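The values are calculated or read from the model by the stated rules, or taken from the named source; none is laboratory data. Worth saying up front: this structure is predicted, and the values here are computed from it rather than measured. Don't worry about glycine lacking a Cβ; one is built from the backbone with ideal geometry, like all the others, and counts go over all protein chains shown.
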Amino acid sequence: MQNRLGKKFYIREVTTVAKELLGKTFVKIVDGETVSAKIVEVEAYYGAIDEAAHSFGGKTKRNKVMFNEGGSLYVYFIYGTHYCCNVVTGLQNDGSAVLIRAVEPLTGIDYLAENRYGKTKLTEKELMGLTNGPGKICKAFNITKKENGIDLSGEEVFLLDAKKVDKSKIVQTVRVGIKKSAELPWRFYLKDNPFVSRI
DNA sequence: ATCAAGATTACCT
DNA sequence: GGTAATCTTGATA
């Protein structure tokens, strides 16, 4: 039986939460249907010491959700075309969050496919590319600025606990796609999982 | 008021 | 491999 992750889970040090998010289940309820996916790749961002974090340099209209107490969803718009989805962690005003970079679809795959490709019959290649990147996840789950700031203890979007992933399965590397603080090894993914965005 | 850069992706050669 | 797509913020005038 899977239980919802509680407030305590999120209000901890951001890299700890990032690591433990691997293997957990991301759920969105759409018209009573459960759309879910396993988290396989994440990155940690921490405003106090991390120049690459949106929260570095203080609160703005765009990033204010990142300063919430852990357990909110932070969605931002980037490059004029893509949304990315983060789980806020830590205490109020921490400015820390975990970016969800890749997930493995579990249920509601037709919903994800329809949003991403406008069809439900997918080739093997399309299936593998369904949710293996931060922008793709938001497209597939139809997560937009409407979802920014929502509480993960609500009934629409939340996370389920899962069996703890063995430490030997977690790979830790540097983050992808950033120029500032690029050396911080705050990216975590599940070893050998085919849905990880890049190796 | 104008402008460049950004936690990305898809489509081109 | 290169680049267009085209929103938000923060710097400069």
Q) So which residues in the range A:186-199 are assigned to a strand (DSSP E or B) and within 11 Å of DNA strand B (Cβ to nearest atom)? A) A:Arg187
Q. Within the range A:115-124, can you find the residues that are free of Cβ contacts under 8 Å to residues at least 24 places away in the same chain, in contact with a helix residue (DSSP H, G or I) (Cβ under 9 Å, 6 or more places away or on another chain) and either loosely packed, with under 11 Cβ neighbours inside 10 Å or not hydroxyl-bearing (Ser, Thr, Tyr) (or both)?
A. A:Lys119, A:Lys121, A:Leu122
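For the condition of a type in the set (D, E, K, R), more than 16 Å from DNA strand C (Cβ to nearest atom) and either surrounded by fewer than 14 Cβ atoms within 10 Å (Cβ to Cβ) or assigned to a loop (DSSP other than H, G, I, E, B) (or both), what is the one hit in A:Glu104, A:Glu183? Lay out the reasoning, then the answer.
On the way: A:Glu104 fails: either surrounded by fewer than 14 Cβ atoms within 10 Å (Cβ to Cβ) or assigned to a loop (DSSP other than H, G, I, E, B) (or both).
On inspection, the qualifying residue turns out to be A:Glu183.
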Q: Residue by residue through the range A:27-45, note down the ones that are under 17 Å from the mean Cα position of the chain (by Cα) and surrounded by fewer than 24 Cβ atoms within 10 Å (Cβ to Cβ).
A: A:Val27, A:Lys28, A:Ile29, A:Val35, A:Ser36, A:Lys38
Q: Could you grab me the full set of residues in the range A:68-101 that are surrounded by fewer than 20 Cβ atoms within 10 Å (Cβ to Cβ), in a loop (DSSP other than H, G, I, E, B) and more than 9 Å from DNA strand B (Cβ to nearest atom)?
A: A:Glu69, A:Leu91, A:Gln92, A:Asn93
Q: Those residues that are surrounded by fewer than 20 Cβ atoms within 10 Å (Cβ to Cβ), in contact (Cβ under 8 Å) with a residue 12 or more places away in the chain and within 27 Å of A:Gln92 (Cβ to Cβ), I need them from the range A:130-156; list them, please.
A: A:Thr144, A:Lys145, A:Glu147, A:Asn148, A:Gly149, A:Ile150, A:Asp151, A:Ser153, A:Glu155, A:Glu156
Q | One residue from A:Val65, A:Val30 being within 16 Å of DNA strand B (Cβ to nearest atom) and among the aliphatic types (A, V, I, L, M) | A | A:Val65
Q: Quick one: count up the residues across the range A:168-191 that are of a type in the set (D, E, K, R), at pLDDT 95 or above and over 15 Å from the mean Cα position of the chain (by Cα).
A: 2
Q. Would the range A:73-83 turn up any residue that is touching a residue at least 24 places away in the same chain (Cβ under 8 Å) and away from DNA strand C (no atom under 16 Å from the Cβ)?
A. yes
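With the requirement that a residue be over 15 Å from A:Phe188 (Cα atoms), outside any loop (DSSP other than H, G, I, E, B) and not aromatic (Phe, Trp, Tyr), what does the range A:154-168 give you?
Residues satisfying the conditions are A:Val157, A:Leu159, A:Leu160.
Could you tell me whether A:Asn132 is in a helix (DSSP H, G or I), farther than 15 Å from A:Gly149 by Cβ and modelled with pLDDT of 95 or more?
Numbers: in a helix (DSSP H, G or I): no; farther than 15 Å from A:Gly149 by Cβ: yes; modelled with pLDDT of 95 or more: yes.
For A:Asn132, the condition - in a helix (DSSP H, G or I), farther than 15 Å from A:Gly149 by Cβ and modelled with pLDDT of 95 or more - is not met.
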Q) From A:Lys139, A:Lys125, A:Lys121, A:Lys146, which residue is over 20 Å from A:Arg187 (Cβ atoms) and part of a loop (DSSP other than H, G, I, E, B)? A) A:Lys121
